[in-house]
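Inspection log for the structure reproduced underneath, given as structure tokens.
Readers should treat all values here as calculations from the given coordinates under stated rules, not as data from a laboratory. Source: prediction; values computed, not measured. When we count neighbours, we look across all protein chains shown, and the Cβ atoms used for this are built from the backbone with ideal geometry, even at glycine.
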Amino acid sequence: MNDATSQAASRFIDPLIAKLKRHPKRVVFTEGEDLRVLRVAERLVKEEAVVPILLGNKEKIAALAAEHGVAMDFVRVIDPATASDFDLFCRRLEKIERYRSRTLSEVGEVVARPHYFGALMAQYGQADAVVGGNVAMPAALFRAVLHSVKPMPHIPKLFGVTVLAAPHLDHFGGDGLLLLADTGLNPQPDIEQLATTAVETGKLARHFLGRAPRVAMLSHSTKGSSVTEPARKVAAAAVLAREKASADGLEMRIDGELQADVALDPAAAEVKLSGTGFGVADVLVFPNLDAAHIAMKLLQHCAGARNFGQILVGMARPIAQVPRTASEETIYGTAAAVAVEAIKFHELYPDGDVG
């Protein structure tokens with residue numbers, strides 16, 4: 001990494017590691033036969049921040065670690081097909097599928113898949129958080145999570161949040177951090193989904209930033225400058241999001257519909273929306289998946305923003321999907337982020353039940 005991206009990574013990661021040193025958590029990496037993951041596990045152990053659990057073939061992982069001089073002290077390695085919990089997880093997945101009026105013909109084959117096994121570990125208290133996707137296609141992890149982990153009842157649909165760090169850029173969030181949603185799952189969210197995305201991502205931002213966040217709901221229009229149906233949808237979602245936040249007593253500012261320059265550049269906001277005092281957004285909620293994903297990739301690859309996540313929001317356990325192109329630093333920071341989310345989860349639901 002160059003100095004700018006290194007600074008960006010540290011700005012996000014260092015406070016998370018400090019929290020985890022006080023409250024270490026168990027993070028399962030579903031694709032453990034990956035040198036990047038081995039090096040991340042070694043770093044997390046060295047920091048005394050996370051207890052890493054790697055899924056995969058034990059012999060392959062041991063050989064890879066030995067070849068590259070990676071210390072595996074205090075790193076747990078599990079081969080799902082031979083794990084002591086394999087039969088238990090098979091029975092529990094069968095029970096889940098019966099509850100949903102479905103039948104799995106080859107339940108053992110499914111549980112042996114690392115994504116399913118890791119998700120079941122988190123669901124049944126064998127791990128606190130999950131990180132996957134560094135080798136497989138994203139859909140493989142999403143499918144396993146949706147089949148194995150209990151959903152949060154107040155969130156209508158699973159969605160993804162990517163954290164970008166770029167303190168070297170002007171107008172990049174209040175602290176050099178931006179949370180983007182939904183960056184991975186819902187192509188065309190409806191008004192209810194957009195509103196929930198805004199509120200839940202605002203809650204995530206507050207947890208990471210330690211202050212009330214500013215949430216911008218983006219459009220090609222600012223406050224009626226265009227009267228298209230997509231702009232009206234975002235405006236309606238912003239109204240609903242504010243109502244939801246107010247009803248839950250949440251401290252955050254939500255505004256929309258806003259153009260991206262109005263959300264991020266106070267000078268542009270003064271010209272186009274004088275006197276609102278919104279400030280610089282910490283959260284950008286996009287009107288659709290295309291806009292969010294394209295913006296994320298452009299900021300990452302053209303502007304040097306460091307990406308973490310995406311963090312999956314809507315399930316009862318902290319889970320993150322990293323891209324196959326993820327750097328070691330991205331995997332490291334993402335693991336720290338979901339582990340810190342696990343701290344919050346245990347505070348909110350000490351018995352593990354979300355109701």
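Points worth noting:
- Pairs with C-alpha atoms separated by more than 30 Å, drawn from the list Lys203/Lys233; Lys157/Lys223; Lys60/Lys344; Lys203/Lys223, are Lys60/Lys344.
- Between helix 229-247 and the chain there is an angle of about 70 degrees, using the helix long axis and the longest principal axis of the Cα atoms.
- Segment Val227-Asp248, extension gain: residue separation times 0.36 nm, minus the distance between their alpha carbons: 4.5 nm
- Debye-sum result for segment 159-301 in log10 I(q)/I(0), which assumes one identical scatterer on each alpha carbon, at q = 0.17, 0.18, 0.21 Å⁻¹: -0.87, -0.98, -1.39
- Excluding same-chain neighbours fewer than eight residues apart, the lysines reachable from Lys150 by a Cα-Cα span under 16 Å are Lys95.
- C-alpha long axis of helix 328-348 to longest principal axis of the chain, angle in °: 90 degrees
- The residues packed around Ser226, meaning those with a beta-carbon under 14 Å from its beta-carbon, carry a net charge of +2 if Lys and Arg are +1 and Asp and Glu are -1.
- Highest-MSF residue in the chain out of His171, His220, His115 [GNM, Cα springs under 10 Å]: His220
- The peptide list 160-170, 327-337, put in order of mean Cβ contacts within 10 Å with the highest first, becomes 327-337, 160-170.
- Here the translational diffusion coefficient of the chain follows from Stokes-Einstein with Rh set to the Kirkwood radius across Cα pairs; for 25 °C and 0.890 mPa s it amounts to 118 µm²/s.
- Separation in nanometres of the label points that stand 7 Å from Cα toward Cβ, at Tyr124 and His220: 5.0 nm
- Between 0 and 90°, nearest 10: helix 138-148 axis offset from the chain longest Cα axis: 70 degrees
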